[in-house]
Each structure stands twice: as C-alpha cells, then as structure tokens.
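The next block holds one structure in the form of structure tokens; read it before the comments.
Coordinate-derived values only; no laboratory data. No experiment lies behind these values; they were computed from the predicted model shown. Methodologically, a virtual Cβ is constructed for each residue, glycine included, from the backbone with ideal geometry; neighbour enumeration extends over all protein chains shown.
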Amino acid sequence: MISLLNILAAEEPNGKFLPGDVNEFYWSSLAFLVVFAVMAWKLFPLAAKGLRAKADRVEDELAAAEKAQADADAEVETLMAKLGNADADAAEILEDAGATAQKLKVDAAAKAAADADALKARTMADIDGARAHATADLRSELAAQALAAAEAVARENLDDSAQLDLVEQYIDQVGASA
C-alpha cells in the first residue's frame, strides 16, 4: 500500500502555488466556485437578514435605552424638586417649632408669674386672716385679763356698770393702738 505522502511527493509541482497536476487546480477551483455560488445564493441572504435583524434589534434597544434614560432623567428632576421641597418643608417645620417653643416659653413664664402672683395674694390673704384671728384672740385675751383686773379693782371700788365702761374703754384703746 502506498501512502498518500509518497503519492504527493512523487508528483512535481508546476510552480510555487500550483499543485503538481493542473487539472486538480481546475477542478478544485470549479468546486470552490460552485460551493461559493450556493453559499451566495442560500447562505448569504440568510446571514444578511440575520445581520439586518440584529441591527434593527440593536437600534430598538438603543431607542429603548434612550427613552429609559430620558425617563430616568425626568424622574431624577422630579425627585430633586421634591428633595428641594423637602428641604424647604424641613426648614419651615424647624421655624414653626422654634416659634412654638418661644411661645411656650413666654406662656410658661406668664403662667409662672401669674401663679406667683396668685400664691402671693393667697399668702397675703392668709397673713391678713391670721393677723385678724390673732388680733381677735388678743382682744379676747386682753378683754378677759382686763375684766379680771377690773373685777379685782371693782370689787374693791366699782359697781358693775362702771366696771363694764372701764373694760370697753380699755378694749377701744387696745384696738386703736393695734
């Protein structure tokens, strides 16, 4: 059996690029042209159609991406506007809180002053009541002592009507000096 290498080595080429048998060159060229023609007739239109579909799909995706980018930009603008409004709202809330705190501070100070005035008035009323009560107790005690002293003196010198006049004068003098 003769190997393929021995057969190819036995034939001598006609040139640098041509095989040893020129007919082989013609038949292989003809086969190539037939295969190329079939590919150009059947395969190339399918490939071109696939490439056109891919290009259309890429264009559609680019258009969708541009629309999504525009929508995202619009959403960012909306959110930025809301964020700006949120900052203004926060500043307004802080301002209102400060005004409310100031009002509460003023109200608390006024209430404290009113409570202090009411406490002072109650204390003064209590002092006046205690003073009147102490004065009444003092008068009754003085009247009792004056009566006792007057009785002691009257037993010796005075009758009852003179004794009573003496006690009333004494009470009037003590009341006028208090």
What is the spin-label model distance, in nm, from Ala110 to Leu83 if the labels are put 7 Å beyond Cα along the C-beta direction? 4.3
Length gained if Glu59 through Gln102 is fully extended, taking 0.36 nm per residue and subtracting the Cα-Cα distance, is 9.1 nm
With labels modelled as points extended 7 Å from the Cα through the Cβ direction, what inter-label distance (nm, one decimal) is found for Ala130 paired with Ser161? 4.5
In sequence order, what are the phi-derived ³J(HN,Hα) couplings for the range 133-146 according to the Karplus relation 6.51 cos²θ - 1.76 cosθ + 1.60 with θ = phi - 60°, rounded to whole Hz, with x for glycine and proline? 5, 5, 5, 5, 5, 5, 5, 5, 5, 5, 5, 5, 5, 5
Phi angles of the range 52-59, converted by Karplus (6.51 cos²θ - 1.76 cosθ + 1.60, θ = phi - 60°) into ³J(HN,Hα) in whole Hz with x for Gly and Pro, give 5, 5, 5, 5, 4, 5, 5, 5
So what J values fall out for the range 89-101 if you push phi through Karplus, 6.51 cos²θ - 1.76 cosθ + 1.60 with θ = phi - 60°, rounded to Hz, Gly and Pro as x? 5, 5, 5, 5, 5, 5, 5, 4, 5, x, 5, 5, 5
